[in-house]
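Student: Submitted below is the structure of interest, expressed as structure tokens.
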Amino acid sequence: MTPIDARKARALTRSAAAALAALCLLPAAPAANADTYPSHPIRIVVPFSPGGAVDGPTRLIAKELSKRLGQGVVVENKPGAGATIGADIVAKAPADGYTLLLASQTNAISATLYSHLPYDAVKDFEPISLLAREPGVVVVNPKVPAATLPEFIAYVKANPGKIDFASSGNGSGQHLFAALLASKTGMKMNHVPYRGSGQATTDLLAGRVAMSIPGIAGMMGHIKDGKLRPLAVTGARRSPLLPDVPTVEESGVPGYEAYVWMGLFAPKGTPKPIVDLLHKEIVAVLATDEVKHYFASVGTEIVGSTPAEFGSYFKAQKELWAKVIHETGAKID
């Protein structure tokens, strides 16, 4: 070897060594081998208080998912700030499939309602599946002189600015469901926000407010007892729990559709094999007799969408409620 060849060889060796050293400094990519996942417990962050509308169903799903995966699946409640506290925890968690977010329509609403979120509601998450959805029900106190939704709309229009509707808080699903209805019908009502659905229901039962649009399941007892009158359901189809009650659209409001829904997200960058595995197992869980019976008993429709379908659904929900928020000027409490 000539001196020139030797110098070239040494230079190539130093270059290769430098490249290897630089490669070693790169962050390790998360393991994407679905064959070894999961190797330890998974947590599902529920950004609402224990005992809420989505908490119970999530715990049932977690129990069944644990059986299928052979690892514990723990529900961790992180309520507050319109579901943004829990969402932020998951957005900043390692993208390894061990921290998941139970999302709802509240997350789609908060994406616009809060102007300075510490995460991007769309870009910082990997959709796994839209699990299920429950329509709301337009209910009035029996003292209200309206037996149908068209009659209620006429009553409000005859008394502009004099009729109150209740919600579980500014910017809540109940608030925006009613705001969307008012926007589509030209009703002028007064919004009375409460800190939670409990007091809102209490005042509705007492006749202090005239109307509200909560989820169906929690209202069935009051409806059966005659303490509340159902006028319409907010879904695309009639509810099996209230088969004689028409939808809002059937009642003369074209294009109206609103659901309380629940879906599952992972942090952005979670490997596709893990997302696909979670989706497959979630769909299997939703098909079990125990889960099907539970959701049927509370009038909730099981969906089990693909990750792509859920991603598109979430974006559409975000856009829908952003429009309503901008039209109504809704603000956080």
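Student: Among Thr106, Thr99, which is modelled with pLDDT under 95 and either of a type in the set (D, E, K, R) or crowded, with 17+ Cβ neighbours inside 10 Å (or both)?
Tutor: It is Thr106.
Student: Next question. Can you tell me which residue is nearest to Ser197 (Cα to Cα) among those in region 209-235 that are in a loop (DSSP other than H, G, I, E, B) and modelled with pLDDT under 95?
Tutor: Filtering first and then ranking leaves Pro214.
Student: Assigned to a strand (DSSP E or B), in the same structural domain as Gly299 (by TED's automatic domain parsing), under 22 Å from Ala258 (Cα atoms) and touching a helix residue (DSSP H, G or I) at 6+ places or on another chain (Cβ under 8 Å), is that true of Ile109? Before the answer, list the steps.
Tutor: On the way: assigned to a strand (DSSP E or B): no; in the same structural domain as Gly299 (by TED's automatic domain parsing): yes; under 22 Å from Ala258 (Cα atoms): yes; touching a helix residue (DSSP H, G or I) at 6+ places or on another chain (Cβ under 8 Å): yes.
So Ile109 fails the test.
Student: Something else about it: Considering region 41-93 alone, what residues qualify as being basic (Lys, Arg), assigned to a helix (DSSP H, G or I) and touching a residue at least 60 places away in the same chain (Cβ under 8 Å)? Lay out the reasoning, then the answer.
Tutor: Looking only at region 41-93, we keep the residues that are basic (Lys, Arg), and these are 43, 59, 63, 67-68, 78, 92.
Within this subset, residues satisfying the condition of being assigned to a helix (DSSP H, G or I) are 59, 63, 67-68.
Across region 41-93, the qualifying residue is only Arg68.
Student: In region 200-256, how many are in contact with a Phe, Trp or Tyr (Cβ under 8 Å, 6 or more places away or on another chain) and not hydroxyl-bearing (Ser, Thr, Tyr)?
Tutor: So the answer is 10.
Student: For the list (1) at pLDDT 95 or above; (2) in contact with a Pro (Cβ under 9 Å, 6 or more places away or on another chain); (3) farther than 14 Å from Leu264 by Cβ, I need the number of the one condition that Glu126 fails.
Tutor: The one condition Glu126 does not meet is (3).
Student: Let me ask something else about it. If I filter region 127-142 for residues that are β-branched (Val, Ile, Thr), outside any helix (DSSP H, G or I) and out of contact with any strand residue (DSSP E or B) (no Cβ under 6 Å at 6 or more places or on another chain), do I get at least one hit?
Tutor: no
One line per residue, one yes/no per condition, for (1) at pLDDT below 95; (2) among the small types (Gly, Ala, Ser):
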site: Ser172; (1), (2): yes, yes
site: Lys188; (1), (2): no, no
site: Arg195; (1), (2): yes, no
site: Gln199; (1), (2): yes, no
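Student: Which is under 23 Å from Glu64 (Cβ atoms) and either out of contact with any Ser or Thr (no Cβ under 6 Å at 6 or more places or on another chain) or in a loop (DSSP other than H, G, I, E, B) (or both), of Pro254, Pro273, Pro243?
Tutor: Checking each option against the conditions leaves just Pro273.
Student: From the list His293, His279, which one is in the same structural domain as Thr99 (by TED's automatic domain parsing) and crowded, with 16+ Cβ neighbours inside 10 Å?
Tutor: Just a single option satisfies the conditions, and that option is His279.
Student: Still on this structure: Those residues that are among the charged types (D, E, K, R) and either surrounded by 19 or more Cβ atoms within 10 Å (Cβ to Cβ) or closer than 13 Å to Pro150 by Cα (or both), I need them from region 243-257; list them, please.
Tutor: Going through region 243-257, the residues among the charged types (D, E, K, R) turn out to be 244, 249-250, 257.
Within region 243-257, Glu249, Glu250 meet the criteria.
Student: Taking the stated definitions as given, is Gly299 on the phi > 0 side of the Ramachandran plot and either crowded, with 18+ Cβ neighbours inside 10 Å or not in a loop (DSSP other than H, G, I, E, B) (or both)?
Tutor: Working: on the phi > 0 side of the Ramachandran plot: yes; either crowded, with 18+ Cβ neighbours inside 10 Å or not in a loop (DSSP other than H, G, I, E, B) (or both): yes.
Yes: the conditions hold for Gly299.
Student: Let me ask another. Hey, Met220 hits all of (1) aliphatic (A, V, I, L, M); (2) crowded, with 22+ Cβ neighbours inside 10 Å; (3) out of contact with any strand residue (DSSP E or B) (no Cβ under 6 Å at 6 or more places or on another chain) but one; which does it fall short on?
Tutor: (2)
The values are calculated or read from the model by the stated rules, or taken from the named source; none is laboratory data. Source: prediction; values computed, not measured. Note: ideal-geometry Cβ built from the backbone for every residue, glycine included; neighbour counts use all protein chains shown.
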